Amino acid sequence: MVHQTTLEKYADANWLELLAASITDADRLAGYLKIDTAAVQTAAEHYPLRINPYFLALISDPDDPTNDPIGRQAVPSIQETRNSPLPPDPSCEQQQSPVANLIHRYPDRVVFMVSDRCAMYCRFCMRKRTVGRAPVVSEATVDQGLAYIKEHKAIQDVILSGGDPLLLTTEYLTHILRQLAEISHVQILRIHTRVPGTLPQRITPRLVAHLAPFQPLYLNIHFNHPGEITPTAAAACNRLADAGIVLGSQTVMLKGVNDNLAVLRTLMRKLARHRVRPYYLHHPDPVRGTDHFRLNCREGLALVNGLQGHISGLCVPHYMIDLPGGGGKRALSPTSVDSSGPDGLMVRNYQDKSYFYPG
Ligand SMILES: *Cc1c(COP(=O)(O)O)cnc(C)c1O
Ligand code: SF4
């Protein structure tokens, strides 16, 4: 298969060279994939395009990339530019941002955006209003964020996000982590990244050696489809896990990508097998320009119902919605209680059979 050969070719490539070779315009993309060049160009003028050569090689159907589960995530669609009733920032991150690029929604933890660049620009990104566009993150905003965290003693858990924190240089990322580690009330550091799946060459032994001292360090990796967990990506996860970094996953439920039980089961099992514990399965946020990826919560709950009990509990993530208006995340669960009375509950098991539970 031509794709396997291409992937092997990139297995040991230099991540900066791969990033520099990214496709960022429709004309060049048309040299690799069958696309409507004008439509892709229009969409890319609204929201930036970046597909690095490694991720491009994961698209298995170059003749129909927007119906390919990997291609659909990366190739701009004219549907992004259609008139949409959806707001650009439904979770009201902007209002809950006391200093630029830091979101303080829950008292004890913050999201700290330290990068505005990614190894690939996801078409469904909840932050597509900012990510990959005019630079918003600078050393000055990072310093302001660090000062805010230092001043607010209730903050115990700092989530580095973006953009993708792993696109920073190893030196600068380590600098930020060191500053945070010196703040006595900060107990937990987290990094939210898509890089192990979109540019696994970035997970060099050198990067891992620089991250390893910052325990407890949790790395939550964004994976949406089992095809993203290539041998190269799996090796990157294994390097991180070997260094004692605790790996979790975040997956966005997306129409035409993973809104399918077999795909979700395979993905979750594959993650657990590579020591990435499924953490959150996000219902897609109602963000402008992402309408074509959205499914409704009833469909989402039906999918989750097909995970719970059917596959190892270690492979079942929490199904989360982010409440519009800044209410924060909440887990949804399929209903299992049919009725309750003074003597106990009638509960359905994973096969939909009812059982009486006393008390
Ligand atoms: C998701 C999120 C967090 C972290 O939530 P957890 O449920 O602890 O993973 C923190 N702050 C903001 C603003 C978030 O969106
Ligand atoms: S990697 Fe994350 S932040 Fe970057 S474009 Fe994708 S979803 Fe958005």
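Counting only protein chains, not ligands or nucleic acids, how are Asp157, Asp338, Asp242 ordered by accessible area (probe 1.4 Å), most first? Intermediate values should be presented prior to the final figure.
Details: Asp157 15, Asp338 80, Asp242 115 Å².
Largest accessible area first, the list is Asp242, Asp338, Asp157.
How much area per residue is accessible in the range 100-160 when the probe is 1.4 Å and only protein heavy atoms are counted (Å²)?
On the way: 2460 Å² over 61 residues.
That works out to 40 Å² for each residue.
Anything in the chain that counts as a DSSP H helix reaching 15 Å or more along its axis (C-alpha) with Kyte-Doolittle mean of at least -0.5? List them, would you? It would help to have the intermediate numbers written out before the result.
Numbers: long enough: 139-151 (18 Å, -0.32); 170-181 (16 Å, 0.03); 231-242 (16 Å, 0.12); 261-273 (18 Å, 0.52).
Answer set is 139-151, 170-181, 231-242, 261-273.
Can you give the local net charge around Val316? Use residues other than it whose beta-carbon is closer than 13 angstrom to its beta-carbon, Lys and Arg +1, Asp and Glu -1. Provide the component values of the computation, followed by the final result.
On the way: positive: Arg265, Arg269, Arg277; negative: none.
So the surrounding residues net to +3.
Quick check: with the 1.4 Å probe, what order do Thr230, Thr335, Thr266 take by accessible area, largest first? Write out the running numbers ahead of the final one.
On the way: Thr230 10, Thr335 100, Thr266 70 Å².
Heavy-atom accessible area, descending, gives Thr335, Thr266, Thr230.
When Lys and Arg each count +1 and Asp and Glu each count -1, what net charge do the other residues less than 15 Å away from Val246, Cβ to Cβ, add up to?
Values: positive: Arg190, Arg239, Arg275, Arg277; negative: Asp157, Asp242.
Overall, the nearby charge balance is +2.
How much accessible area per residue does the range 4-81 have, counting only protein heavy atoms and a probe of 1.4 Å, in square angstrom?
Working: 3640 Å² over 78 residues.
Here the per-residue accessible area is 47 Å².
Given only helices, namely DSSP H runs of n ≥ 4 each adding -39500 (n - 2.57), what is the per-residue ellipticity at 222 nm of the chain, to the nearest 500 deg cm²/dmol?
Details: 13 runs with 107 residues, N = 359.
So the calculated ellipticity at 222 nm is -8000 deg cm²/dmol.
What's the center-to-center distance, using Cα atoms, between the range 286-319 and the range 134-182 in Å?
Result: 31 Å between the Cα centres.
What is the log10 of I(q)/I(0) for the chain, computed with the Debye formula using one identical point scatterer on each Cα and no solvent, at q = 0.13 Å⁻¹?
The computed values of log10 I(q)/I(0) come out as -1.08.
So how much accessible area does Cys125 have, in Å² to the nearest 10, using a 1.4 Å probe?
Solvent-accessible area, nearest 10 Å²: 30 Å².
Once fully extended, how much extra length lies between Gln156 and Ala100, figured as 0.36 nm per residue of separation less the alpha-carbon to alpha-carbon distance? Walk me through the numbers before you get to the answer.
Working: separation 56, 0.36 × 56 = 20.16 nm, distance 1.95 nm.
Difference between extended and current length: 18.2 nm.
Between Leu86 and Gln215, what is the FRET efficiency for a Förster distance of 41 Å, r being their Cβ-Cβ separation, to the nearest 0.05?
Numbers: r = 40 Å, r/R0 = 0.97.
Computed FRET efficiency for Leu86 and Gln215 comes out at 0.55.
Express in Å², to the nearest 10, the accessible area of Arg109 obtained by rolling a 1.4 Å probe over the protein heavy atoms while all chains stay in place.
The accessible area of Arg109 comes to roughly 70 Å².
In the chain, carbon and sulfur make up what percent of the accessible area (probe 1.4 Å)? Spell out each step's value before the answer.
Working: 8450 of 16050 Å².
C and S atoms contribute 53 percent here.
Rank these residues by their accessible area, most exposed first, probe 1.4 Å: Lys270, Lys153, Lys255, Lys128.
Details: Lys270 50, Lys153 150, Lys255 85, Lys128 10 Å².
Heavy-atom accessible area, descending, gives Lys153, Lys255, Lys270, Lys128.
Report the gain in length on full extension from His310 to Gln144: 0.36 nm times residue separation, minus Cα-Cα distance, nm rounded to one decimal. Write down the numbers at each step before the final one.
Details: separation 166, 0.36 × 166 = 59.76 nm, distance 4.67 nm.
Value of the extension gain: 55.1 nm.
Measuring from label point to label point, each 7 Å out along Cα→Cβ, what is the Ala181 to Cys297 span in nm?
4.1
How much accessible area does Thr290 have with a 1.4 Å probe, in Å² rounded to the nearest 10?
Here the accessible area works out near 10 Å².
Return the FRET efficiency for the residue pair Thr174, Arg28: r is the Cβ-Cβ distance, R0 is 30 Å, and the value is rounded to the nearest 0.05.
Approximately 0.30, to the nearest 0.05.
The values are calculated or read from the model by the stated rules, or taken from the named source; none is laboratory data. This structure is a prediction, so every number in the text was calculated from the model and none was measured. Note that we place each Cβ from the backbone using ideal geometry, even for glycine, and neighbour counts take in every protein chain shown. Just so you know, the surface numbers come from the protein's heavy atoms only, side chains and all, with ligands and any DNA or RNA stripped out. Shrake-Rupley method; radii C 1.70, N 1.55, O 1.52, S 1.80 Å.
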